[in-house]
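Data first, discussion second: the structure below is written as structure tokens.
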Amino acid sequence: MDITEILTTMEYGPNPESADDALAWLKDRQDWPGHFIAGAFHADPQETAMKVENPATHAVLATMPVASAATVDAAVAAARAALPGWRGLGPQGRARVLYALARHLQKRARFLAVLETLDNGKPIRESRDIDVPLAARHFYHHAGWAAAAEVEFPGRAGWGVCAQVIPWNFPLLMLSWKIAPALAAGNTVVLKPAEQTPLTALAFAEICREAGVPDGAVNIVFGAGDTGATLVAHKGVDKVAFTGSTEVGRAIRRSLAGSGKGLTLELGGKSPFIVCADADLEAAVEGVVDGIWFNGGQVCCAGSRLLVQEGIAERFYARLRDRLARLRIGDPLHKSTDIGAIVSGDQLARIRRLVAEGQAQGGTLHAADAALPETGHYHLPGFFTGAEPASTVAREEIFGPVAVAMTFRTPDEAVALANNTAYGLAASVWSENINTALDLAARVRAGVVWVNGTNLFDAAAPFGGMKESGFGREGGRAGLEAYLHPLADDPAPGPATEPVDFSTAPQGAGPAAEAVDRTLKLYVGGKQVRPDGGGSYAVTDGTGRSVALAARANRKDVRNAVEAAVKAAGWARMPAAGRAQVLYFLAENMDQRRADLAVSLTRAGLAEDAADREVGAAVDALIFAAGMADKLDGGLHSVGQPRMVAMTMREPWGVAGLVCDDRAPLSALIAGVGALLAAGNRVVAVPSARHALVAGDLMQLIATSDVPGGALNLLTGDPAELAPVLAAHDEVDALWLADPALRAAVETAAAGNLKPVMAGLPRSDPAGLARLLQGATQVKTIWVPYGA
Amino acid sequence: MSESFPRNPGMALDESWFDGVQVNRSAAERRADQIGTRRGVKKAHQAAWLVHAIRCIDLTTLAGDDTPGRVRRLCAKARQPLRPDLVEALGIADLGLTTAAVCVYPTMVPHAVAALEGSGIPVASVATGFPAGLMPLPLRLAEIRYAVEEGAAEIDIVITREYALTGQWSRLHDEIAAMREACEAAHLKAILATGELGTLTNVYAASMVAMQAGADFIKTSTGKETVNATLPVALTMIRAIRDYQDRTSTLIGYKPAGGLRSARDATVWLSLMREELGLRHMQPDLFRIGASSMLGDIERQIEHAVTGRYAALSHHAAA
């Protein structure tokens, strides 16, 4: 050894992790044992094959079979068959299995880390120190939930068979995020790993056998997009969980529309990374290293938009360039590598295309000045300056180690820029001033916000997105709930009523005896307004006699109502106690007008006693919802990081649509509206079409009850016409839908901005309301490390 | 690599250089946790790094029971820190390997100077009422002059923690400047006793004040505080060095001391210097490790690198 030579350069020298064990294991599996179904590996006679490549060397690691529809069938059937046995194991039995999986992952940690790095190209430091330990942690955490779920979530059970499709950026970790909560909640699973990175899933299948997972509780089928599409659309699947691109998420949303399957989506992001002038700049620089330069930037929650306060921007960029110069790019198995290989040639080509586009649009690329290995899919880390919010690279997810930097002047501007995106997955806020930091954390629309940190994860803290980053959470209580079937919301259907005729032309029906001419309008922006189209439809008494002409809203009225709701953002900022006050006042006014409300209901065909019950239930529901406005508490989570406040806040969706049907015409409307408003949402509601009279009464009451204009808007008309318009509207953040017949159309239209659709008739009893209130919010997880 | 450079002339106190700088503890700890996991050295490189670490050690004895005999033994070890057969096996006989310096109390300086005569190894002396520093300033300055007269080429002073804890930066600055003057040609290493400064933000400010007052090196600890050299503290002090160098183009040395015991510590701290300040700052004129027991572990690791067998401490000469 030439020590003298090394002493002059003080190079680190080669320090590779040995891949011998992993390669020897792979050697025996070159031709793949098959798909993991009912506890055994099965070949598929119809299957084709795909090569699994080491992205750092282009070496073929194995040949993976692609599951045909028949194999997917078999896997789903195996999961279904295993369900009674898995549930029969009981909480303790299931907990033991999850615990065994956690232990086995730990005992195989080094092997799994090497295998992951071979397959994915991520640096061994990351797979060893982050991916694998977090995967094991997830199983430990959920072993606890398996034991406790029945007492913590009384009356709730798992969905049944879960189909789970995961991406290639954290193959084993995403597998754990999917399988652990599903099993803990009493489901069985069919999982499909990404075709680029199936190896740790194959190893996990073998670990399932080692750890004593009952046959069929976990099934793993291999394949690409087609296999995934077949799996999620399979009729035998009860719930689908997907992590991946927004584009595929949308396709899944559409393919599942109307199926009644549960769905959670964890999709793309273009997450803001806000650096204030009073930040610890060095800490923020390291945040970028742990952010966009982590896992080659192939991280859905990576801080890819650097928003830097103008006065410190040049200094910050200079420090970033310094830091770039010290990153080591190369062999991912080398223990001194910071940036490994990009997962595939396709992904590298996409990154290159977007980066070239960024340069063509006038952005300046600051990239590390390093030599890349001659073979392998590598991309230099870097960042853009001079790219404006309109640039492609500022809007599209690059999913590579390249950030886009922009400046802001004030906290308000930082929030505006941060929220100027279709996504809402994560955000980082860097400021040493607690006022600034928490203000920004509260106002950025993202499912996860890290204060003075980035990419902090723990099984106890919910993770997931807002807006087009998807819906549903993974981790903690909120994550487990995604795998528990909601209790039935629909009461038994009431007696059929005659259909409403929405034609705007006169129908010549005779008037009911007591008819008094009454002008029914729409309620938009705090005022009664005439419908845009000037049309009306006849409200009848249920026996064909017309009792009034109701305003018939069209798509432009929806547009106007949503616009009014968007403007009424003050409702969300009002303290919860203030919202409660307003809702109490509305309830009080309804109470005084009980008789009128009941008359309106009976005139549209409801029996008198039923009408009285409806009014009573509605008033009670509103009082209950008002009282809960200041009780929608978040939580604090026991995460693994020291000195950490990991809190969840329950935030309103924003603008919510509510489409009722003719069942429970007043109480369902008021229960839904009450819950949504109490939580701070602004609402565009489509009341029962038949009961436009009582809606008209409500308009008068709302106008005199201090409800701010635009916070609640009522549009009478044809739900079949209005619901899809609301569902397709990109400014509507969530939609509640009573009529199951509209579900397919609405869920298809909702795929546009990926708003969640809550199906079922809103229930006005306390238990039903409690769930409505829960569903009226989304969880935001805020991480605040502290330490003097 | 270690061409000479001008000493830090110091400057008037300028609080604006540190006033707005906040150091986030949790972030510093996260970064610190990665220093040892993002880089590693193995085999020949590890051996070379450990040899280099020896070149950076201020071999230290600072105990109440120090005697001339004890100091002579230490000096002998400083002259020949590695067993000759290992030096031979590594092929570094021409290197003239010694530790960077020997560090002792002022009254032990003459014994160390005598024992190191002809070796070229400088003697460093602690001074200024080490370790607490709570002696009247004239006495502390007199102590520096004594140590310098006895032949100390480097003086490790301790700062008055009171001034740092109560924000009396100008008093701290002026006191260190006076000490620097008393040092004359001897280099001044300012011990900040970071374990007693409370916050990293304070560590940053004290580092900057010491450099503005003319310190040639800033050093973490006396070794007598309950918390000694830690990596988050190091990141903070190094950051201050980088900022000072950026503003003044003056090179400043860094010396962690206390709590560094293992060969692994040595490579991690060298890696820290490489990553945060670069190759130049890994050289012994800008990086020192204050340690007494670390050398023994380094010797054993080097022997393992040479022979492939795990080594016994008793097979290496005692310091």
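Label positions at A:K567 and A:D322, each projected 7 Å from the Cα along the C-beta direction, are separated by 5.0 nm. Measuring between their Cα centroids, region A:553-588 and region A:200-245 lie 43 Å from each other. Helix A:90-107 and the longest principal axis of the Cα set of chain A meet at an angle near 30°. Note on B:K224: aspartates and glutamates with a C-alpha under 13 Å away, same-chain residues under 8 apart excluded, are B:E196. Summarising the strand pairing of region A:522-777, around 45 percent of its internal DSSP beta bridges are antiparallel. Modelled spin-label separation between A:S18 and B:T37, with each label point placed 7 Å from Cα along the Cα-to-Cβ direction: 2.3 nm.
Of the beta bridges in the protein assembly as shown, as assigned by DSSP with both residues counted there, near 35 percent are antiparallel. Cα centroids of region A:156-178 and region A:66-82: 16 Å apart. The residues neighbouring A:D73, those whose beta-carbon lies less than 11 Å from its own, together hold a net charge of +1 under the Lys/Arg +1, Asp/Glu -1 convention. At an R0 of 35 angstrom, the distance between the Cβ atoms of A:Q30 and A:A720 translates into a FRET efficiency of 0.05. Subtracting the Cα-Cα distance of B:R261 and B:S4 from their residue separation scaled by 0.36 nm leaves 89.6 nm.
Please work out the FRET efficiency for the pair A:D596 and A:A422, using the Cβ-Cβ distance as r and a Förster radius of 60 Å; give the result to the nearest 0.05. Result of the calculation: an efficiency of 0.85. Rounded to the nearest 20, the Cβ-based charge dipole of chain B about its Cα centre (Lys and Arg +1, Asp and Glu -1) stands at 1000 debye.
By the combined test of axial Cα extent (at least 15 Å) and Kyte-Doolittle hydropathy (mean at least 0.0), the qualifying DSSP H helices of chain B come to B:43-56, B:137-149, B:200-212.
Ordered by the number of other Cβ atoms lying within 10 Å of each residue's own Cβ, fewest first, A:H138, B:H52, A:H58 fall into the sequence A:H58, B:H52, A:H138. The lysines within cross-link reach of A:K239, meaning a Cα-to-Cα straight distance under 29 Å and a gap of 8 or more places when in the same chain, are A:K178, A:K192, A:K261, A:K270, A:K467, A:K755, A:K780.
Each of A:S336, A:S705, A:S245 was scored by other Cβ atoms within 10 Å of its Cβ. Listed from fewest to most, they are A:S245, A:S705, A:S336.
Each of A:H142, A:H691, B:H45 was scored by other Cβ atoms within 10 Å of its Cβ. Listed from fewest to most, they are B:H45, A:H691, A:H142.
The sum of -39500 (n - 2.57) across all DSSP H runs of n ≥ 4, divided by the residue count of chain B, sets its helix-only mean residue ellipticity at 222 nm to -14500 deg cm²/dmol. Quick one: angle between helix A:171-184 and the longest Cα principal axis of chain A, in degrees between 0 and 90, rounded to 10, please. The angle comes out near 50 degrees.
Between A:E608 and A:R409, the C-beta separation translates, for a Förster distance of 60 Å, into a calculated FRET efficiency of about 0.40. Remark: for residue pairs A:K27/B:K43; A:K27/A:K107; B:K77/B:K219; A:K556/A:K631; A:K335/B:K255; A:K27/A:K235, the C-alpha separation exceeds 32 Å in A:K556/A:K631; A:K27/A:K235.
Estimated at 0.36 nm per residue, the fully extended path between A:D765 and A:T63 surpasses their Cα-Cα distance by 247.1 nm. Just to confirm my numbers, what's the Cα centroid distance between region A:307-365 and region B:287-313 in Å? Answer, in whole Å: 39. With the simple model of a label 7 Å out from the Cα in the direction of the Cβ, A:Q46 to A:V645 spans 5.7 nm. Look at the dipole of region B:174-227 built from charges on Cβ: of B:A206, B:M179, B:T226, the Cα furthest out on the positive end belongs to B:T226. What full-extension length gain, to one decimal in nm, is calculated for A:K556 and A:D129 as 0.36 nm per residue of separation minus the Cα-Cα distance? That works out to 148.3 nm of additional length.
Rule-based calculations on the coordinates, nothing more; no lab input. Quantities reported herein were computed from a predicted structural model and do not represent experimental measurements. Reconstructed Cβ throughout: ideal geometry from the backbone, glycine too, with neighbour counts over all protein chains shown.
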